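Student: Can you keep this structure in mind? I'll have questions shortly.
The values are calculated or read from the model by the stated rules, or taken from the named source; none is laboratory data. Keep in mind it's a predicted model, so treat the numbers as computed, not measured. Virtual Cβ from ideal backbone geometry, glycine too; neighbours counted across all protein chains shown.
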Amino acid sequence: MSRERTILIRYDEIALKGKNRRFFIERLRHNIRSGLRGLDGVRVEVPHGRVLLHCADSQTQEIVKRLKVVSGIASMSVGVMVEPDLEAMARQGVEWIAPLVEKNPNATFCVRTRRSHKGYELTSTEVDREVGGRILEQLRPQGLSVNIDRADFRLEIEIGLPHTVMFQNRIEGLRGLPVGTSGKVLGLLSGGIDSPVALFRMIRRGCRAHAIFFDNQPYMGKGGHDKVQRLCRVLTRYQQAMRLWVVPFEEVQVAIRDNCRPDNRVVLYRRMMYRIAQALAEREGYQALVTGESLGQVASQTLENLNAVSRVVQCSVFRPLIGMDKNEIITQAKNIGTFDISIEPQPDCCSVFMPEHPVTKARLPELENDETRYPWEELLQQALEKTEVQDPEPSPF
Amino acid sequence: MIYLDNAATTPMDPEVLKVVQRSMRDDYANSGTVYSAGVDANRKIEQAREEIAFALSLPSRFRIVFTSGGSEANNLFIKGLCSPDRKAAYLGLEHPSVTEALDSLKVFGNDPVRLVEYREQGKMSRKAVPYLNEKRVRLLCLSHVNNELGVVQPIVEIAAMLRERSPQTRLFVDGVQAVGKCEFAETFWEGVSGYSVSAHKLNGPKGIGCLIYDDRLDLKPQIHGGKQQGGTRSGTLPTPLILGLARAIRISSERLPETRAHLEALNERLRSGLRRLQSDIPELKLRFNSLPVADWARQSPAICNFSFTPVEGEVVLHHLEKKGILVGLGSACSAHSKEPSRILRALGCSVKEALCSLRISFGPQNTLDEVDTFLREFGQAYQTLYPAFRSKAIST
């Protein structure tokens, strides 16, 4: 079949956007276009409340795969244009449902019509009934029956989009908002399970998420850096482009280790990470920091320590995972494709830099006192100057 | 770059590389086909077998079966012979492809015998032989040269004892670290039933090795298919890799006397240099896990393993890497596990000593200058890192 296909794309939240709606839809259309780069002959239309894609039959599988990672799409359905004629619609329905009944004699279906062309001679319910009746007539002997609520096959008809189009079952999209409608953020990426999920959640809220990684080579091998690069390649799938900033961090860690109270080290490292991230965000025009912290997960993630760390920056810090538990985070990491990379064994530098008993309730005066014992401003500047940037290509999926 | 991790793998010898490249281009015909290009490929493979047999002084009762490498050769022999119910024994210092293959027999209720109490400085004690007899063990598995320590098992001596005191026990030897470093005379093979070789440990290509075994044994195939190699190991033969393996073995055997002398010189330089560092750097406390003396019948000159508490080996490794020097952390197969080396622990090292260790392994391409550079950079890295670990050592 080299027939032309039509893919209907539904968005939900954008519909609520009032005066900004055009901006959101334009952004979605732009993101869909760049997500489909390299596929020839695809046409995009934006009739009221929908996005329609016209493509060749052979392209549909690839397009659906790519659309599944576009934020802002609630669901999509693959279909064909038909004549607005009851017989033609029923014929198409039988063509799709017959193979299903052959496999499963207890299969059920329903017809759902939406009519934006109000001049059409029948109402939506009448079309449901007429088309459904014709299909049932042909396939009932094989076992097909109707089930309005839990149909195996949901046949959708849209009359007057301006065309009349019929669709097969809905395919879930990512939901959320189109990337680029909510500004740019900078996420602290570690190579663990949590931080990529935190970044993903911001991407789905329409942000373009860039990443910053604190590298402590030569204490740790190149493994950590390599992992973070690959995680970024997975995250790039969801937003087409992102930047990865790699900050050499070993000098800061050595200075803190050699000069400050051992128990406070972890919080002091994090205070420096936040400071460096904020300075970079200001320079690059990123509007907020994002971290994968989840309350109480490890010693550094108590309310006291989170507060002690947040105190050093003025910009917004978002922690999308703060109220999630580990299992929820793991499930999402598996869904977005970062989990397998995150759990690869990573050489860590705990033995060199981590204290035996990290403080769980850091006290600000103590931390401030520790920070008079090493030249943090100078080290911050140095780290920023030595920071390198990479633009990871999206990994194939 | 200075590469001192030759027990993990080795760079390709330029001559071997040329052989493989040319063959990749020319010998694409399937050696199992009947047209002349296939017949030619088959002839080249048979020549390679002869070349290997000649270089290793193999008696004619041995067969060579090509495999994907040392691990497959070990698996093929152990499972092929002992599955389901032939009793096997091992020392516990072997490579995981030996120990795990033996453990896989447990599903048949065939638990391997572990000779923990019969180890003496990494070698099997003579007293093990009557025990093997008593336990009716049918196969003893040993490493010719241990991959982490370089300990050499006295294979000829053990084989002779087995013949006399435990005649039903056959001997299988993992030779992956030995070929190219040890000498093979026809007498070596007298008591050996199986022996495994891997090309990439002797400057050959990765993905090829072979199992050498006594033709009178009936091995159960582990890979079924087109019945290549008499059905023992199915799969289309990779002509270019086989030619590369044969050439690598031939070159290493031709150059063996000079290679041995060279490796010994490198090893001497390393050990004396480490001792000098120890006297120059008061906080450096070395422990040689390999034999600290030049007894080359018991210790391979290609490997030197030592500990230096309290600084962690992995951190030193990355500091050396920064200077362009690559060294080993125990065995590469377990380097990802973060567990301290099983072999070092078995030898009596504490967890700390096992974590604070490096394995230096030489190849014929290394130079004395490279050893000197390593010593200088190791000393520096140790001094840089010591303060961080000292406080740790005190607090624990």
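Student: Being within 12 Å of another protein chain (Cβ to nearest Cβ) and not acidic (Asp, Glu) is the filter here; which residues of segment A:240-254 pass it? Walk me through how you get there before you give the answer.
Tutor: Our first condition is that a residue be within 12 Å of another protein chain (Cβ to nearest Cβ); within segment A:240-254, this holds for A:248, A:250, A:253-254.
Answer for segment A:240-254, where residues must be within 12 Å of another protein chain (Cβ to nearest Cβ) and not acidic (Asp, Glu): A:Pro248, A:Gln253, A:Val254.
Student: Name the single residue that is surrounded by the most Cβ atoms within 10 Å (Cβ to Cβ) among those in segment A:57-92 being in a strand (DSSP E or B) and within 21 Å of the chain's Cα centre (by Cα).
Tutor: Quick first cut of segment A:57-92, residues in a strand (DSSP E or B) only: A:75-82.
Add one more test, that the residue is within 21 Å of the chain's Cα centre (by Cα), and what stays is A:75-77.
Numbers: A:Ser75: 15, A:Met76: 23, A:Ser77: 21.
Per the criteria, the residue is A:Met76.
Student: Show me the helices (runs of 4 or more DSSP H) entirely contained within segment B:1-93 in which 3 or more residues are basic (Lys, Arg) and assigned by TED's automatic domain parsing to the domain that holds B:Leu132. Please lay out each step first, then the result.
Tutor: Details: elements: B:14-26, B:36-55, B:70-82.
Where helices (runs of 4 or more DSSP H) fall fully within segment B:1-93 and carry at least 3 residues being basic (Lys, Arg) and assigned by TED's automatic domain parsing to the domain that holds B:Leu132, they are B:14-26, B:36-55.
Student: Out of everything in segment B:111-134 that is part of a loop (DSSP other than H, G, I, E, B) and in contact with a strand residue (DSSP E or B) (Cβ under 8 Å, 6 or more places away or on another chain), what residue ends up being farthest from B:Asp85 (Cα to Cα)? Explain how you work it out, then say what you get.
Tutor: So in segment B:111-134, the residues part of a loop (DSSP other than H, G, I, E, B) come out as B:111-112, B:115, B:121-122, B:125-127.
Keeping just the survivors that are in contact with a strand residue (DSSP E or B) (Cβ under 8 Å, 6 or more places away or on another chain) gives B:112, B:115, B:121-122, B:125.
Details: B:Pro112: 10, B:Leu115: 19, B:Gln121: 31, B:Gly122: 28, B:Ser125: 26 Å.
Among those that are part of a loop (DSSP other than H, G, I, E, B) and in contact with a strand residue (DSSP E or B) (Cβ under 8 Å, 6 or more places away or on another chain), it is B:Gln121.
Student: Condition (residue is assigned by TED's automatic domain parsing to the domain that holds B:Cys210 and within 17 Å of the chain's Cα centre (by Cα)) applied to segment B:155-166: is it met by at least one residue?
Tutor: Going through segment B:155-166, the residues assigned by TED's automatic domain parsing to the domain that holds B:Cys210 turn out to be B:155-166.
Filter once more, so that each one left must be within 17 Å of the chain's Cα centre (by Cα): B:155.
Looking for residues that are assigned by TED's automatic domain parsing to the domain that holds B:Cys210 and within 17 Å of the chain's Cα centre (by Cα), one finds at least one in segment B:155-166, hence yes.
Student: Can you find even one residue in segment A:244-256 that is charged (D, E, K, R) and within 30 Å of A:Thr302 (Cβ to Cβ)?
Tutor: Let us first name the residues in segment A:244-256 that are charged (D, E, K, R), namely A:250-251.
Applying the additional criterion that residues be within 30 Å of A:Thr302 (Cβ to Cβ) yields A:250-251.
Yes, segment A:244-256 contains a residue that is charged (D, E, K, R) and within 30 Å of A:Thr302 (Cβ to Cβ).
Student: Filter segment B:381-396 for residues that are more than 16 Å from B:Ile325 (Cβ to Cβ), part of a helix (DSSP H, G or I) and within 9 Å of another protein chain (Cβ to nearest Cβ); which is modelled with the highest pLDDT?
Tutor: B:Pro387
Student: Still on this structure: Quick check on B:Pro59: is it touching a residue at least 12 places away in the same chain (Cβ under 8 Å), surrounded by fewer than 22 Cβ atoms within 10 Å (Cβ to Cβ) and out of contact with any Phe, Trp or Tyr (no Cβ under 8 Å at 6 or more places or on another chain)?
Tutor: Values: touching a residue at least 12 places away in the same chain (Cβ under 8 Å): yes; surrounded by fewer than 22 Cβ atoms within 10 Å (Cβ to Cβ): yes; out of contact with any Phe, Trp or Tyr (no Cβ under 8 Å at 6 or more places or on another chain): no.
Here the answer is no, as B:Pro59 does not meet what is asked.
Student: With respect to the numbered conditions (1) farther than 25 Å from B:Pro11 by Cα; (2) touching a residue at least 40 places away in the same chain (Cβ under 8 Å), which one is the sole condition not fulfilled by B:Gln278?
Tutor: (2)
Student: Give the residue, chosen from A:Arg91, A:Arg150, A:Arg115, that is within 22 Å of A:Leu53 (Cβ to Cβ) and of a type in the set (Lys, Arg).
Tutor: Details: A:Arg91 fails: within 22 Å of A:Leu53 (Cβ to Cβ); A:Arg150 fails: within 22 Å of A:Leu53 (Cβ to Cβ).
Within the list A:Arg91, A:Arg150, A:Arg115, the selection yields A:Arg115.
Student: Which is within 23 Å of the chain's Cα centre (by Cα), crowded, with 16+ Cβ neighbours inside 10 Å, of a type outside the set (Asp, Glu) and in the same structural domain as B:Asn366 (by TED's automatic domain parsing), of B:Arg233, B:Arg260, B:Arg247?
Tutor: Details: B:Arg233 fails: in the same structural domain as B:Asn366 (by TED's automatic domain parsing); B:Arg247 fails: in the same structural domain as B:Asn366 (by TED's automatic domain parsing).
Testing whether each residue is within 23 Å of the chain's Cα centre (by Cα), crowded, with 16+ Cβ neighbours inside 10 Å, of a type outside the set (Asp, Glu) and in the same structural domain as B:Asn366 (by TED's automatic domain parsing) leaves just B:Arg260.
Student: Please list, ordered by first then second residue, the pairs with beta carbon atoms under 7 Å, 6 or more apart or interchain, first in segment B:308-329 and facing chain A (nearest Cβ under 7 Å) and touching a residue at least 12 places away in the same chain (Cβ under 8 Å), second buried (at least 23 other Cβ atoms within 10 Å of the Cβ) and outside any loop (DSSP other than H, G, I, E, B).
Tutor: Here the result reads B:Glu312/B:Leu355, each pair linking segment B:308-329 to a residue that is buried (at least 23 other Cβ atoms within 10 Å of the Cβ) and outside any loop (DSSP other than H, G, I, E, B).
Student: Which residues, counting only those in segment A:34-53, are surrounded by fewer than 13 Cβ atoms within 10 Å (Cβ to Cβ), among the charged types (D, E, K, R) and part of a loop (DSSP other than H, G, I, E, B)?
Tutor: Of everything in segment A:34-53, those that are surrounded by fewer than 13 Cβ atoms within 10 Å (Cβ to Cβ), among the charged types (D, E, K, R) and part of a loop (DSSP other than H, G, I, E, B) turn out to be A:Arg37, A:Asp40.
Student: Go through segment A:218-239 and report how many residues are within 14 Å of chain B (Cβ to nearest Cβ) and either on the phi > 0 side of the Ramachandran plot or in a loop (DSSP other than H, G, I, E, B) (or both). Break it down stepwise before answering.
Tutor: Applying the first criterion (within 14 Å of chain B (Cβ to nearest Cβ)) to segment A:218-239 yields A:218-227.
Okay, now just the ones that are also either on the phi > 0 side of the Ramachandran plot or in a loop (DSSP other than H, G, I, E, B) (or both), so A:218-222.
Count: 5.
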